[in-house]
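Asker: Structure in C-alpha cells, see below.
The values are calculated or read from the model by the stated rules, or taken from the named source; none is laboratory data. Here the structure is a predicted model, which means the values were calculated and not measured. Counting neighbours? That spans all protein chains shown, and the Cβs are built from the backbone with ideal geometry, glycine included. Just so you know, the surface numbers come from the protein's heavy atoms only, side chains and all, with ligands and any DNA or RNA stripped out. Shrake-Rupley method; radii C 1.70, N 1.55, O 1.52, S 1.80 Å.
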Amino acid sequence: MLKFITTRVLLSFLTLLIILAVVTLIPNVAPGDPARRIAGPTASFERLAAVRESLGLDDSIPEQLATSFTSLFTADFGTTFNDSSVTVSELIRAALWNSSKLVLLSLLLMLPLSILGGVVAAYKKDSLLDRIIVNVGVALSSVPDFVGGVLFLALFAVPFSFFRVTAAAPEGSGIFTQARFLLLPALTVTMVYFGYIARVTRASTISALESDFARTAFMKGMSTRTVFTKHVLRNSLLPTVAVVGTQLGFMFGGLVGLELIFNYPGLGRLILTAVVDADYPILRGGVVTVAIIYMVATLAADLVIAWMNPRARLALTE
Amino acid sequence: MTITDGLVPKTAANDGPAALSVKDLEMAYIVRGEPRAVLRGVTFDVRPGEAYGLVGESGCGKSTTAYAALRYLPSNGRITAGKISSGGRDLTSMGKKELQEFRATEASMVYQDPVQAVNPVLKIGRQVAESFQLLGNVSKSESYDLAEQALVRVQIAAPKSVMERYPHQLSGGMLQRVVIAMALASDPQLLVLDEPTTGLDATVESEVLDLVRHLRDETGAAILLIAHNLGVIRTMCDRVGVMYAGRIVEEGTVDEVFDQPSHPYTKGLLNSIPRHGLTKTDRELFSIPGTLPQIGTSLPTCVYVDRCPIVTDKCHSEAPPVVGKGFTHWTRCHHDDRIDEVPEPADTEAIDNVVDTEVIGVDGVSKTFRQRGGDVPALVSINLGFGVGETLGLVGESGSGKSTLAKTMLGVHEPDVGGAITLRGRPMATKATSRNEESIRSIQMVFQNPDSALNRSWTVRRILIRAVEKLTGVSGEEANERAVEVAKAMQLSERHLDMRPRQLSGGLKQRVAIARAFAGDPDVVVCDEPTSALDVSVQAAILNLLASLQRDVKTSYLFISHDIGVVRYLADRIAVMYVGRIVELATTEQVFAGPVHPYTEALLSAVPNVDGEASNRIPLDGDIPSPANPPSGCVFHTRCHKFVDGLCDVTEPELKDFGDGHMIKCHLEREQLLIITPKEKAGI
Amino acid sequence: MTISDIGEDTSAGAEEPEKAKAQHQDQLASASTEPITTIKQVKKEQRRILFRSPGFIIGSLILVFWILASLFPSLLSTFDPGETVRNAEGGSMTSQGPNGTAWFGTTRLGRDVYSRVIFGARPILIIAPLATIIAVWAGTIVGMLTGYYRGIFDQIVSRLLEAILSIPAILLAILIVFTFGSTQAVITGTIAFLFIAPVARTVRAATLSESQLDYVTAARMRGESSLFIITREILPNVIGVVVVEATVRLGYAVFTLTTLAFLGLSPGDATNANWGLDVANNYPNIINGTWWPTIFPALAIASMVIGVNLIADAMEKAIKS
C-alpha cells in the first residue's frame, strides 16, 4: 500500500513537471513579444526591459524551466507581476479557500441528490421516473456552467431576494449567510453534475442488483431493503467515488464562467485574470494548484475504493 | 400402461407432502411485450429426503425451473400457469414476507458460479453469519459462532481464518463449500443445486459432490439437482427427469433412465457421450441433428418432433401421452416401443493411423514468466513429440500449465533459452512473428471459446479467406475457392459463409474456428478445450469432425481437455501435467490399464461415472500449488496418497520409463504403484 | 431487473423491459443465438432501437434546426444580426422585451435577439464538429497504439495525456487561445488538441480489452503484422466506442467553445452574432429585468448541447444492444 502511494506521488510529480514545463514555455512560443503585449504599445524601452526581467524572459529556456521547477519544490511562486508586495501563495490561498467553500456546498447538495437519483432510477429501472432521471440528467450534463448560472440568476435571483446575485458574502458573515450567497452557484454545479453522477450510480447499482451475490442474498430470504443496504450499495458506490475524484479538479479550477457571473473570487477566476494580465507567476502557481487538487482527489478516490473493495486493495498492494 | 400426467406413485416410505411439487408449470419470458414460452407444462415431485435430478442441454429450461422452485424469476419472467408447492404450501400465491421466510428457513440454493455468488467486498464470516441472523433469535456473536460451526460442517479446515478472508482470497471449490454452508444454515427441507460443480476441476467437483452426498445423509434434506453432466446426475440422484424445450420428456430412477432410455431424446443424449471406454477407433459418437427450438416457438405436439429420428405423422398431429414403463419410469412418446430403431452411430474403420515419424517436437522447453515479486516457472523442461496423425491428450487441473504449453508451441510465449519447438527435427523461431511461412502453416490452434477466438465484425468467409491467404499464400478467387472447400469439409454450408459469428450457434462457431486452423493443411493442431463450452450432442459432432479430419489428412492433435472421457475417446497417447511438469506420458490403453502416477490415479478416480460403475475415489487434499512457489522434491508430494517421507519431499523424481515407453515421474516402483491405498479422509 | 420483481410478487405490475434479460443464463443465451437472424436484421434492429428512442428523435430535431439555421440564417431570421431594429416611426427600438416585431426582444443597441440567436449557430457548427473530428481521429490513433503495444511507449504517452487531463480543459484552452490569439484556426486547433487526451483514454481502454481476446492471438499465430491487427482486426470492433465518444466530445466542444466566447475569446467582432459573447455582454442587466438578451442565447447554447447529448446517449444504447 505504502509502495503504491509512493509510486503514485512520484508519478504525479512527474506529471506536475510536464505541466509546469508547458505553462512556462507557452510565453516563449507565443507569437510577438509578450512583454510588449503586457506593457502596452506605448511603453518605454526601460519599462519593457523591466517587464521582461520580471517575466524571466531574458533567461534561457532551461533556466526558466529550472526556476519553475524550483518553485514547485519550495512551493514559492514568488510575487505577482503587478504588485511585488503580494505573494502568489497568499493569492492562491485566498482563492483556494473561496473555491473550497463553493465546492463543499456543491458536494453537499449534489452528492445526496445525484446518488439518490441514481439509486432510485436503478431500483425503478425502466419506469417513467427512471427515464426522466436518466434523460434529464444526460441532457443537462455538459451544459456550460455559465449558461446554468445566468438561467438561475434570471429564475431565482431576480424574483426572490433570498438568493443573491453575488456569491461572495460580506466580510465577516456567518456560515449560513455565506451559504445563502453561495447557493445559486452551488445549485448550478449540482445541475451540471447531477446527470453524470446519477448515471454512473444507476449503472453500477443495476449491475450490483442483477449480480449473483445479490441473488444469493435474496435467496437467503433477505428483504429488498436489507439487500440494498448490506450488499448492493457498497459495491455500487465504487464507480461513483471514482467519478467524483476525477471531477473535483474541474470543480476547483474549471468553473471560470460561473465564478465570473457570480463575481466570486475563486481559483478559476484567479487563473483567468492571470492569463489576461500575463501574470505568469500566478498562472504557474494556479495551474499547479489545480493539478495538485486533481491528483490528490484521484489518489484519495483510489484509496477510498481500496478501502471499500478488497480486490482493489489487492491490486494496489501488488 | 398409461398413467395420468404427473401422477407418480409414491413409495411407501415417503407419504408426506412432497418437499417440492411442481405441477403443469408454464413460464414465459416477456420479450417486447410478447410472452415467449420457456416452460411448457413441467410436472415433477421431489419427495422428502430424495435427490431428484434434472438433465438436459442449455436452453431446455432446467435452470429456469430450479429458480422458479424458489419463486425467483428474471424481471421479464412470468408464471403463466401451473402450481409450485413445497411441504404442502403453495409458493405461487405466497406474499412477500411469507416468501422471505420460506427462503430463510425452508429452502436454500447453491449456484453455478461460486465466485460470483458471494459478495466480493464482504468477509466470508459476515456473509455466513448473516444467513444465521436471518433465522432470527440469534445474537450477532452467536451467529458468528454458528457460522464457524457451519464451516466446520462443510469440512473447511481452518474456519476461523477463512471467516476473516475475502472471497477473492479463496479458490472456487472453497467458495462453493462456503455457499453450501450458507445454504445449510437453516437446515432446509429442500436444497436446490443449480450446476453446482460446473466450471470446477474434476478433482474439486468430486469433493464438492462427496460433501453434498454426505450432508444429505446427515440432514435428510430433499435435493433438486440441475446438471448438464450426466455423470454427476447418475452418481448423485435417486430419480432423474430429462428435460427438453421446457418439458420433461422422460422420468425414472437413474438406473432406469440411463440403462434403459425410452425416449429418443434421452437415448440420443446418452449416445452422444463416450461411454464404457469407447474410443475413436470403435465408432463415432451420436450427434442429435438440428438445434434446440428457440424460446417461444410454438410446439403444440411433441417438443422433440423436429429432431426425432423415429418421427411419424402421428407425432406431428397429436401430443404424445405419458407412457408408463415401470413403477417409477415413464416417457412422453408415441413410439416408445420403437426406441431400438433410434440409429446407433456407425462403426469407424479401424485403421492404425499413428506413424512414428515425429512432425513437431517440444524439446526441453521451459517457460518462466518474469514478474515483480519473483519469477514464475510455468513450464519446466517439457519434452514431447508428435507422430503423424497422432492425438496427444493433455490433462491436468487448471493452473497446471496446459495452455501455457500450447501457447509456447505456437510462439505466443517465448520459451526460455535452451528449449526449442522443432519442425521435422529443425528448431523453429520461438516467436510467431519471426517464424517463416512453413512453420506458421505447420502448427495452428483451436481455442476454447469461439466467441473470443473469432473476430465478431468479420464474416465467416473473410475469416477463412484471410487464413487461406496467410497460410497457403494463394489469393483472390483461388483463396475463396479454397475457403469454401475448407468450410464444406467442416460441414458448414454456403449460407453460413456470409454470416458473422454472432449469428451462428456455438457448434457452428467452433466449426469455423476449426476450419480456420485447417485452412493451410497444418501438421499439428492444438485444441485447447475445444468442446468444453458446448453441449454434449454438439460436442459429439465436433469430436466426430476432428476424428474424421485426422483420418483423412493425418493431422496430429494436441488435445487439451479436463474431460477424461473425451480424452480417452480421442487420444492415442496421454500426457498428464502438474505444476508445469509432465508427470506421466503413456498410450491411452496404458493409462487406463494402470499402473499410473498417483496424480493420474486421483484424476481418473474423480470422474463422475455415467455408467453407474462404482469407483474408488482418491481425494486430493487442498489446492494445486502455485508454480511461483512449487513444493520441494516431487511437486506432487503435498497431495500424494503414496507419499514417502524423507524421499518425495527431498528429491525430485525423473520421468522414467516403466516399460513399453510408459513414462512416469515417480520414485515408486511399478509394483508399489499398483497397490491402491486411498488415503482415508476424515469426516467422509 | 426492477427490485420490485425480484422474487416477489411477479404480477405486481412492473414495467416490462425491452430486452429479454436472461437471469438464468444458460436458458436464453444459447437459445437466442441460434442462426436465425441475418446481419441485416441485426443492423436493422440497432437502427430500430435508435430511431424509436425519444431522446434520439428530440435530439435530432433540435440539431436539424440548428444546422438549418447555420446553413440558411437569412431565411430563418427577421433582421441582420448587426442591424438596429426600428419602429414604425423609424426610431430605434432598444432594450425592448419580446414583441411582435422582435420576437425575442432587442438588445441595448437595438439589435434583434432572435436574429442574433439564429445567426449564432453557424460559427459553433463550423468549429465544434471540425475540432471534434480532428480530436477523435488523432485520439483514436494514439489510443489504439498505446492500447495495443502497451509497454514503455504506453507509459510515456499515458503520462502526457494524464498531464493534460489533470487540468480542466477550459483553463488550458483559455491559456492557449489567449496566448496565440482568438482566431478560428487557433480555437479549433486548441479544442482538437485538448480533446485528444480523453478520446485516447477511452479508445485505449477499448483496444486493451480487445487485444486480450483470442482472435488477436490467432492473428499473431498466423503471422499477421501489427498494423494489420490494429487496423483490420481490432478497429472494426472499437469503432462503436469511437462513434459514441465522438458525439460526447461534440457536446463538450460546444461547451468549451461557448465558454471561451463568454470569456471574450472568440473570433470576429461584436456585431457578429455570438451566443457566448452575447450572454457575457448582457447578463449584468438581468437584475434590471432585461433578461431576454441573455437568456435566449443561453437557451440556444443549452439546447444545442442537450440535442447532442441526447443523440450520444441514444447511440450508445443502440450500439450496446
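Asker: Given the C-alpha centroids of the range B:202-218 and the range B:548-577, what is the distance between them in whole angstrom?
Answerer: First find each Cα centre; the distance between them is then 30 Å.
Asker: Looking at chain B, identify the longest residue range that excludes and avoids all GluC sites (Glu not before Pro) in DSSP loops having at most 16 other Cβ atoms within 10 Å.
Answerer: B:350-612
Asker: Determine the shape class of the range B:309-404: with a ≥ b ≥ c the square roots of the Cα gyration tensor eigenvalues, call it rounded for a/c under 1.5, and otherwise prolate if a/b is greater than b/c, oblate otherwise.
Answerer: prolate
Asker: A:Arg284 accessible area, nearest 10 Å², 1.4 Å probe?
Answerer: Estimated to the nearest 10 Å², A:Arg284 gives 40 Å².
Asker: Here's another thing I want to ask about it. Would you work out which of C:Gly105, C:Val216, A:Ile5 lies farthest towards the positive end of the dipole of the protein assembly as shown, given +1 charges on the beta-carbon of Lys and Arg and -1 on that of Asp and Glu, about the Cα centre?
Answerer: Of the options given, the answer is C:Gly105.
Asker: From the Cα gyration tensor of chain B, with a ≥ b ≥ c the square roots of its eigenvalues, which class applies: rounded if a/c is under 1.5, or else prolate if a/b is larger than b/c, or else oblate?
Answerer: Here chain B falls in the oblate category.
Asker: Averaged over peptide B:71-83, how many Cβ atoms belonging to another chain are found within 10 Å of each residue's Cβ?
Answerer: Mean shielding count: 6.
Asker: To make sure I understand the rule: partners must be aspartates and glutamates, Cα under 18 Å from the Cα of B:Lys470, and not fewer than 8 residues away in the same chain. Which ones qualify?
Answerer: Reachable aspartates and glutamates: B:Glu437, B:Glu438, B:Glu478, B:Glu481, B:Glu485, B:Asp521, B:Asp523, C:Asp214, C:Glu224, C:Glu233.
Asker: Counting only residues 5 or more places away or on other chains, whose amide H sits under 5 Å from the amide H of B:Gly82 once H atoms are built in the peptide plane?
Answerer: B:Glu26
Asker: Give the angle, between 0 and 90 degrees and rounded to the nearest 10, that separates the Cα long axis of helix A:233-253 from the longest principal axis of the Cα atoms of chain A.
Answerer: The helix A:233-253 is inclined about 20 degrees to chain A.
Asker: I've got another one for you. Take A:Phe45 and B:Asn137, extend 7 Å from each Cα along the Cα→Cβ direction, and tell me the distance between the two endpoints in nm.
Answerer: That separation, rounded to one decimal, is 10.3 nm.
Asker: Mind listing the phi-derived Karplus ³J(HN,Hα) values for the range B:453-460, rounded to whole Hz, using 6.51, -1.76 and 1.60 with θ = phi - 60°, and x for any glycine or proline?
Answerer: Those phi angles translate into 7, 9, 5, 6, 9, 9, 7, 4 Hz.
Asker: Let me ask another. Compare C:Tyr114, B:Tyr304, C:Tyr252 by solvent-accessible area with a 1.4 Å probe and give them largest first, with all protein chains kept in place.
Answerer: The ranking, largest first, comes out as C:Tyr252, C:Tyr114, B:Tyr304.
Asker: List every residue whose amide H lies under 5 Å from the amide H of B:Cys527, counting only residues 5 or more places away in sequence or on a different chain, with H placed 1.01 Å from N in the peptide plane.
Answerer: Long-range HN contacts for B:Cys527: B:Val446, B:Leu558, B:Phe559, B:Ile560.
Asker: Hey, another quick one. The range A:123-183 to the range B:409-461: how many Å between their Cα centroids?
Answerer: About 60 Å separates the Cα centre of the range A:123-183 from the one of the range B:409-461.
Asker: Computed on protein heavy atoms with a 1.4 Å probe, what is the summed buried accessible area for the chain pair C and A, in Å² to the nearest 100?
Answerer: So the total buried area for this chain pair works out to about 5000 Å².
Asker: For the pair C and B, how large is the buried accessible area, both sides, in square angstrom to the nearest 100, if the probe is 1.4 Å?
Answerer: Rounded to the nearest hundred, the buried surface is 5000 Å².
Asker: Return the tail of the calculated pair distribution for chain A, meaning the percent of Cα-Cα pairs more than 32 Å apart. Kindly include the intermediate steps, with their values, before the conclusion.
Answerer: On the way: 21592 of 50403 pairs.
Of the Cα pairs, 43 percent sit more than 32 Å apart.
Asker: Still on this structure: Just counting partner chain Cβ atoms within 10 Å, what average do the residues of peptide B:510-520 show around their Cβ?
Answerer: Mean shielding count: 1.
Asker: Moving on. Roughly how many Å² is the accessible area per residue of the protein assembly as shown, as a whole number, for a 1.4 Å probe?
Answerer: Here the per-residue accessible area is 39 Å².
Asker: Taking the Cα centre of each part, how many Å lie between the range A:214-234 and the range B:642-657?
Answerer: If we compute the Cα centre of each part, the gap is 51 Å.
Asker: Okay, next question. Please compute the Kirkwood hydrodynamic radius of the range B:70-191 from all pairs of different C-alpha atoms, in Å with one decimal.
Answerer: The answer is 15.4 Å.
Asker: If you don't mind, another one. What is the antiparallel percent of DSSP beta bridges lying wholly in chain B, to the nearest 5?
Answerer: 65
Asker: For the protein assembly as shown, build the charge dipole from Cβ charges (+1 Lys, Arg; -1 Asp, Glu) around the Cα centre, then report which of B:Thr600, B:Ala346, C:Ile170 sits farthest towards its positive end.
Answerer: My answer, from the dipole projection, is C:Ile170.
Asker: Dipole size in debye (nearest 20) for the range B:189-290 around its Cα centre, Lys and Arg Cβ +1, Asp and Glu Cβ -1?
Answerer: Numbers: 9 positive and 16 negative charges, 79 e Å.
Roughly 380 debye for the range B:189-290.
Asker: Against the empirical 2.2 N^0.38 Å scaling, what ratio does the C-alpha Rg of chain C come to?
Answerer: That works out to 1.26 for chain C.
Asker: Looking at the protein assembly as shown, send over the antiparallel percent of its DSSP beta bridges, to the nearest 5.
Answerer: On the way: 64 of 98 bridges.
Roughly 65 percent of the DSSP beta bridges within the protein assembly as shown come out antiparallel.
Asker: I would also like to ask the following. Amide H of B:Val192: which non-local residues (sequence gap of 5 or more, or other chain) have their own amide H closer than 5 Å, using H built in the peptide plane?
Answerer: B:Ser108, B:Met109, B:Val110, B:Leu224
Asker: If you take each beta carbon of peptide B:402-413 and count the beta carbons of other chains within 10 angstrom, what is the mean?
Answerer: Partner-chain Cβ atoms within 10 Å, mean over residues of B:402-413: 1.
Asker: Reachable aspartates and glutamates from B:Lys160, Cα under 17 Å, same-chain residues fewer than 8 places away excluded?
Answerer: The qualifying aspartates and glutamates are B:Glu130, B:Glu142, B:Asp145, B:Glu148.
Asker: Tell me the mean residue ellipticity at 222 nm calculated for chain B from its helices only (DSSP H runs of n ≥ 4, each -39500 (n - 2.57), averaged over every residue, nearest 500). Kindly include the intermediate steps, with their values, before the conclusion.
Answerer: Numbers: 24 runs with 213 residues, N = 684.
Here the helix-only value at 222 nm equals -8500 deg cm²/dmol.
Asker: Got a number for the accessible area of A:Arg164? Probe 1.4 Å, square angstrom, nearest 10.
Answerer: Near enough 90 Å² of accessible area.
Asker: Using the Karplus curve 6.51 cos²θ - 1.76 cosθ + 1.60 with θ = phi - 60°, what ³J(HN,Hα) values do you get for each residue of the range B:520-525, in whole Hz, with x for Gly and Pro?
Answerer: Per residue, the Karplus-derived 3J(HN,Hα) values read x, 6, x, 7, 10, 10 Hz.
Asker: Further, regarding this structure: Which ³J(HN,Hα) values in Hz, rounded to whole numbers, follow from the phi angles of the range A:220-226 under the Karplus curve 6.51 cos²θ - 1.76 cosθ + 1.60, where θ = phi - 60° and Gly and Pro get x?
Answerer: Once rounded to whole Hz, the list reads 6, x, 7, 6, 4, 4, 5.
Asker: Would you mind checking A:Lys124/B:Lys140; A:Lys230/B:Lys23; A:Lys220/B:Lys267; A:Lys3/B:Lys123; A:Lys220/B:Lys140 for any pair whose Cα atoms are more than 27 angstrom apart?
Answerer: Result: A:Lys124/B:Lys140; A:Lys230/B:Lys23; A:Lys220/B:Lys267 exceed 27 Å.
Asker: At 4 °C and 1.567 mPa s, grab the translational diffusion coefficient of the protein assembly as shown from Stokes-Einstein with a Kirkwood Rh over Cα pairs, rounded to a whole number in µm² per second.
Answerer: Translational D for this selection: 37 µm²/s.
Asker: Another question about this same structure. Leaving out ligands, DNA and RNA but keeping every protein chain, what accessible area does B:Asp649 have, in Å² rounded to the nearest 10, with a 1.4 Å probe?
Answerer: Its accessible surface works out to 40 Å², give or take rounding.
Asker: Please determine, in degrees from 0 to 90 and to the nearest 10, the orientation of helix A:45-55 with respect to the longest principal axis defined by the Cα atoms of chain A, where the helix direction is its Cα long axis.
Answerer: 30
Asker: Using only Cα atoms and rounding to the nearest 10 degrees, what angle (0 to 90) does helix A:128-140 make with the longest principal axis of chain A?
Answerer: 10
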